[in-house]
Amino acid sequence: MALMKVKFDLKKRVKLAQFVWLMYWFSVMAGVLVFSMGLFFKIELRKRSEMMDNNESHFVPNLLIGVGLLACGINAMGGKICYDSLDPSKFSRWKPMLKPFLVSCVAFNCLLVLTALLCFLMRIPLQFTLAEGLKNALKFYKDTDTPGRCYMKRTLDQMQMEFRCCGNNNFRDWFEIQWVSNRYLDFSAKEVKDRIGSNVDGKYLMDAVPFSCCNPGSPRPCIQYQVTNNTAHYSYDHHTEDLNIWKRGCRDALISYYGGMMNSIGALVLLVTILEVIVMIGLQYVNTSLSNLANPEDPECESEGWILEKTVKETFTDIMDKMKAMSKGNAVDEAGVDGVATGS
Amino acid sequence: MALLKLQFPLQRRVRLAQGLWLLSWLAVLAGAFTFSLGVYLKTELLRRAEVMDNTEIHVVPNILMLVGLVTMGINLFAGRVCQDSLDSARFPPWKPFLLPWYGLAWMVCVWLLSAVVLSYALQGHLEESLKVGLRNGIRFYRDTDVPGRCFQKETIDRLQMELRCCGNTNYRDWFEVQWISNRYLDFTSKEVKDRVRSNVDGRYLMDGVPFSCCNPGSPRPCLQNHLTDNTAHYNYEHQSEELNLYNRGCRQALVDYYMGLMNTIGPGILSVISLQMSVLVSLRYLQTSLDGVDPENPEADSEGYILAKGVKETMMDVKNIMFKLLQFGQVEAGDEAEAGADGEKAATSS
């Protein structure tokens, strides 16, 4: 009992081949789209590589790029096969290759599903990478005279303004590090000496944030210094003040940005998988309908097409039997060789 | 002496018609391109509409959008005409429309050229409009509780951060206005009372700027207050400090931005003009070469030209035609008067 048997006359076969050929061209464009999405994702990761620690893995964008290129290749070949399928002489050249080609299509579809799954799961390692990277970035904010780190301040300022965030988890991260370089501190002043003396490491800590944490939507000019001191500013209560500086931490902001990007890319890859499955089924119908002509000499006669020659269960048991036969065959060969060697 | 006369054997005529068909479709795309350029420019101008005082500069994108649509229309017509041109039965119905078409195509080229010229000529008006708009924006920066002006602060802050500029001409514009609202000033403190009393209008002026003027590329954390006081900050000299704030004024930044846009759009428009002119010339050659075909022998050679006589003679002809039209009007009135007088005479004599 074949799976999903359909009768085909010549007209239907021609229409099927044309339709599948068109679908293959859409799939080639979908492959190009996946490739460009992978490239875009890779560039976005590189842009913020300073905020991530060195263990960041570019596995997912590289996989997307590879899968996109592979999709282009496989679909172009499938399109060529469909194009030649209407000409019996050309199609007979492709016949021996069709079964392995269809098997590789199945494997490729599994790879696509795996890629989509990885896209959705990549959020988790990214979270750890960003936590580590941002902590270090905040520490190096003041080192504008150290080669290799002199642009960290600008990068961090621009990122906080662009993503509307402040600090790692929230703005209090800035209170725990010294973000003003010693070059701009007057060590003869009493205030500076007091602050440095007040903690074990001798760091100049203050309850202040950089200007890039300021929210332009606040009705009041930005309060950056003495943020937790209500008496330092007129009509100010830092517990109720919401609009003065950004409340969100940059780790959350970056994760939701990259998370959104990865979710959309994952959804796109799933759609491409569905398209690939459709064209694979179409090609199988073209293959079977052309291979089972009732009268091989007459191209206009009717034929039947199916997805699987037997039912799913029977096909599966067939494959298992073949694999067992192959492994037994190896064992028999070895035993035979040994027997012959010992016998002679 | 015809202007730029060329011989057209049958094969050349066919090639001309095919080439013109292709060219007219390219010109349709060019018209769509012009329209989209107009839309883009208008969107960019509308984005900063809050810091502009008037909308005079909007005439440039409006012209581009209108002319883009007209260009698409006339080139679709040209494509249709040359599709029918090689069939001697279908071509004659189009003939009376060709002369107005030439006029319209000429007008399109003139309008496009005027749009390019205006985009440079209106630079002064744009600058004036921005000057007034930014001055108001800076004055109303503190009015975050006044309906209608409450977003002025956010607009100016975002403008300064995006375009990397500070103030109208430079950062000192902020020293001349009170940009902190009275709601946040403690009028019982001595410092506030001193500052308010120190000027005639009773405004709280200070040598400080908002945070949006800060330059992230500065090696030092941003200094916003007491900018002209060297002793207020350690190791600070305001005359030599360049990286702390943005040095450029927002008016200059916006003018540069828009002029950059127009400079990019300019060559595109000029190429659209040349494409339209080539469609016009080709259609004229096609028309005259088909007119010159002998009906008995449709496959013979014919001549094509741009003008039947030289430029001077054509201008004289046009002048004579205009005079005749005017005189015709006058003579008709004269004839009626004469006929009326004759009729009266006949009536009186009989």
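The values are calculated or read from the model by the stated rules, or taken from the named source; none is laboratory data. All values derive from a computational prediction rather than experimental measurement. Methodologically, a virtual Cβ is constructed for each residue, glycine included, from the backbone with ideal geometry; neighbour enumeration extends over all protein chains shown. To get the accessible areas, we keep the full protein, side chains included, count just its heavy atoms, and leave off ligands, DNA and RNA. Shrake-Rupley method; radii C 1.70, N 1.55, O 1.52, S 1.80 Å.
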Determine the total buried accessible area between chain A and chain B, counting protein heavy atoms only with a 1.4 Å probe; round to the nearest 100 Å². 2400
Just the accessible area per residue of segment A:171-247, please: how many Å² with a 1.4 Å probe? 49
Mind pulling the angle between the C-alpha long axis of helix B:59-84 and the longest principal axis of chain B? Nearest 10 degrees, somewhere in 0 to 90. 30
Under the helix-only model (-39500 (n - 2.57) for each DSSP H run of 4 or more, divided by the residues of the protein assembly as shown), the mean residue ellipticity at 222 nm, to 500 deg cm²/dmol, is -21500 deg cm²/dmol
Explain nothing, just the number: relative contact order of chain B, from Cα pairs under 8 Å at least 6 residues apart, as a whole percent. 24
Grab every C-alpha pair in chain A, bin the distances at 10 angstrom width from 0 up to the longest one, and report whole percents. 5, 17, 18, 15, 12, 11, 9, 7, 4, 1, 0
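Take the solvent-accessible surface of the protein heavy atoms, probe 1.4 Å, and return the percent of it on the protein assembly as shown that carbon and sulfur atoms account for.
On the way: 23380 of 37900 Å².
Carbon and sulfur together cover 62 percent of it.
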In the Gaussian network model of chain A, springs joining C-alpha atoms below 10 Å, which of A:Met206, A:Met152, A:Met326 carries the largest mean-square fluctuation? A:Met326
Strictly under 4.7 angstrom between C-beta atoms: which cysteines of chain A have no such partner? A:Cys72, A:Cys82, A:Cys105, A:Cys110, A:Cys119, A:Cys150, A:Cys301
Dimensionless Rg/Rh of chain B - Kirkwood Rh, Rg from C-alpha atoms: 1.27
Among the Cys residues of chain B, which have no other cysteine Cβ under 4.7 angstrom away? B:Cys82, B:Cys109, B:Cys150
Select from B:Cys165, B:Cys250, B:Cys222 the residue whose mean-square fluctuation is largest in a Gaussian network model of chain B (Cα-Cα springs shorter than 10 Å). B:Cys222
Calculate one ³J(HN,Hα) per residue across segment A:60-66 by plugging θ = phi - 60° into the Karplus curve 6.51 cos²θ - 1.76 cosθ + 1.60, and present them in order as whole Hz with x for glycine and proline. 5, x, 5, 4, 4, 5, x
If one builds a Gaussian network model of chain A from Cα atoms under 10 Å apart, the most fluctuating residue listed among A:Phe175, A:Phe316, A:Phe101 is A:Phe316
How far, in degrees from 0 to 90, does helix A:312-343 lean away from the longest principal axis of the Cα atoms of chain A, to the nearest 10? 80
Find the Rg to Rh ratio for segment B:194-320, where Rh is the Kirkwood radius over alpha-carbon pairs and Rg uses the same atoms. 1.53
Tell me, what are the semi-axes, in whole angstrom and largest first, of the equivalent ellipsoid of segment B:175-247 as set by the roots of 5 times the Cα gyration tensor eigenvalues? 26, 13, 11
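Compute the FRET efficiency between B:Thr55 and B:Ser240 as 1/(1 + (r/R0)^6), taking r as their Cβ-Cβ distance and R0 = 35 Å, and round to the nearest 0.05.
0.25
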Computed over the protein assembly as shown, the Cα gyration tensor eigenvalues, each multiplied by 5 and square-rooted, give semi-axes in Å (largest first) of 63, 59, 20
With just the Cα atoms defining each centre, how far is segment A:16-57 from segment A:99-171? Give it in Å. 17
log₁₀ I(q)/I(0) of segment A:1-116 at q = 0.11, 0.18, 0.20, 0.23 Å⁻¹, via Debye over equal Cα point scatterers, no solvent, to two decimals? -0.51, -0.99, -1.13, -1.29
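Within 10 Å of each Cβ in B:220-228, how many Cβ atoms from other chains are there, averaged over the peptide? Could you put the intermediate results ahead of the total?
Working: counts 7, 13, 6, 2, 5, 1, 0, 0, 0.
Taking the mean over all residues of the peptide, I get 4.
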Considering the options A:Thr273, A:Gly202, A:Asn263, tell which one lies farthest towards the positive end of the dipole of segment A:189-341, charges being +1 on Lys and Arg and -1 on Asp and Glu at the Cβ, about the Cα centre. A:Gly202
Where nothing but the Cβ of Lys and Arg (+1) and of Asp and Glu (-1) is charged, how large is the charge dipole of the protein assembly as shown around its Cα centre, in debye to the nearest 20? 1260
Listed residue (B:Trp106, A:Phe19, B:Ile273) projecting farthest to the positive dipole end of the protein assembly as shown, Cβ model: A:Phe19
How far apart, in nm, are the 7 Å Cα→Cβ label points at A:Phe187 and B:Ser36? 6.2
